[in-house]
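Report on one structure; see the data block that follows.
The values are calculated or read from the model by the stated rules, or taken from the named source; none is laboratory data. Keep in mind the model is a prediction, meaning the values are calculated, not measured. Quick reminder, even Gly has a Cβ in these numbers, built from the backbone with ideal geometry, and neighbours come from all protein chains shown. The accessibility values were calculated without ligands, DNA or RNA, using every heavy atom of the protein model including side chains. Shrake-Rupley method; radii C 1.70, N 1.55, O 1.52, S 1.80 Å.
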Amino acid sequence: TSIDKTAVTKQVAAVGVGGNVALSAIKLIAGIMGNSTAMISDAIHSLSDVFATAIAFIGVRLAERDADATHPYGHERFECVASLMLGLILAGTGLAIGYSSIETIATRSYASAPTIVALAAAVLSIVVKEGMFWYTRHWARVLNSSAFMADAWHHRSDAISSIGALLGIGASMLGFAAGDAIASLAICVIILKVAYDVMKDALNNMTDTPCDHEFERKIGGCIEKVPGVVRIDALRTRKFGNRVYVDAEIAVDGQLKLIEAHEIAEAAHDAVEANFEEVKHIMIHENPA
């Protein structure tokens, strides 16, 4: 079933921005009223998600643009740029939270124990952010969008950080004064791990990294089934944003006329592009067997 990609993109962005603005406000108020530095840190994390979703939306919309004179191969890599920026935002947020936590622990400037208000906000955040993760991941897969997938993991990191906040708040309420600050430090580590994964994936999609062997094996199998293909002499793939370019050399009967050999190569080209939606283009060169 065909979908309106523009409408879905706007919908996912609206849910992400709206949900994060509301959660940030709730968690910030709860953190101040409930006397919890972990919840305030979590609120800052949620606020960073607002900018993350906005960047993901812009990246997806730019990637959808058709090829033009300045970008003759298309604009798919703009999604990678957006994902890279999301990773950097995550890393910056994590480092800021980590610095504040270490300073609190080092100086032992612990606040008085958090209240039930902060605890309730942590539970609400876990439920809402996990729901946003599954929602965004679903549409990221439908749209084959690396930027929205990065945004989905941004939501998941927020849910995990809220679990850390919940544990820290609970520990502080039970009399372990450093629990809240230690929870913030754990949140920092989680955020930095997600940031690393997001940036690594973005860089892989920007630097002509090949696809995995299983995907290349499937491409090769598709080409070998085309009548007239004797064997595959070479097969290379490279990621281009959320799409893939393929270069292949096939061997055909050397006694064929040029037009006949070309028709075999054209059939192989069409078979790959028809069966693999992620393939943006395949270039095939024929060699005499």
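Annotations for the structure displayed:
- Computed helical MRE - 222 nm, the chain, DSSP H runs ≥ 4 contributing -39500 (n - 2.57), nearest 500: -24500 deg cm²/dmol
- Within the chain, DSSP assigns beta bridges of which about 50% are antiparallel (rounded to the nearest 5).
- Relative contact order (percent, whole number), the range 159-289, Cα cutoff 8 Å, 6+ residue spacing: 19 percent
- Protection proxy ranking, highest mean first, for peptides 46-55, 59-68: 46-55, 59-68, where packing is the per-residue count of other beta-carbon atoms within 10 Å, averaged.
- Springs between Cα atoms under 10 Å define the GNM used for the chain, and in it the highest mean-square fluctuation of PRO114, PRO210, PRO72 occurs at PRO72.
- Gyration tensor verdict on the range 1-56 (Cα atoms; rounded if a/c is under 1.5, prolate if a/b is larger than b/c, oblate otherwise): prolate
- Amide H contacts under 5 Å for HIS281: VAL244, VAL246, restricted to partners 5 or more places along the chain or on a different chain, H placed in the peptide plane at 1.01 Å from N.
- Under the criterion of Cα pairs below 8 Å and six or more residues apart, the relative contact order for the chain equals 18 percent.
- Relative contact order %, the range 203-260, counting alpha carbon pairs below 8 Å whose residues are six or more apart: 34 percent
- Mean Kyte hydropathy of 1.0 or more with a Cα span along the axis of at least 20 Å, helices from DSSP in the chain: 5-33, 37-63, 77-107, 116-143, 179-206
- Mean Cβ neighbour count within 10 Å, used as a protection proxy, ranking 36-45, 186-195, 142-151, 273-282 highest first: 36-45, 142-151, 186-195, 273-282
- Cα-based Kirkwood hydrodynamic radius, the chain, one decimal, Å: 21.2 Å
- Here the range 2-159 exposes an accessible surface that is 71 percent carbon and sulfur, computed with a 1.4 Å probe and the other protein chains kept in place.
- For the chain, the solvent-accessible area works out to 49 Å² per residue, with a probe of 1.4 Å and every protein chain left in place.
- Gyration tensor (alpha-carbon) shape descriptor, the range 80-135, a/c threshold 1.5: oblate
- Near ASN287, the amide H atoms lying under 5 Å from its own belong to ILE250, ALA251, VAL252; only residues 5 or more places off or on other chains count, and H is placed 1.01 Å from N.
- Within a straight-line Cα-Cα reach of under 23 Å, LYS225 can be paired with the following lysines, leaving aside sequence neighbours fewer than 8 residues apart in one chain: LYS257, LYS280.
- Theoretical gain in end-to-end length, ALA267 to LYS218 [0.36 nm per residue, Cα-Cα removed]: 16.0 nm
- Positive-end residue of ALA268, VAL244, ILE182, charge dipole of the range 165-289 with Cβ unit charges: ILE182
- The modelled label-to-label distance for the pair TYR73/LYS257, using points 7 Å beyond Cα in the direction of Cβ, is 3.6 nm.
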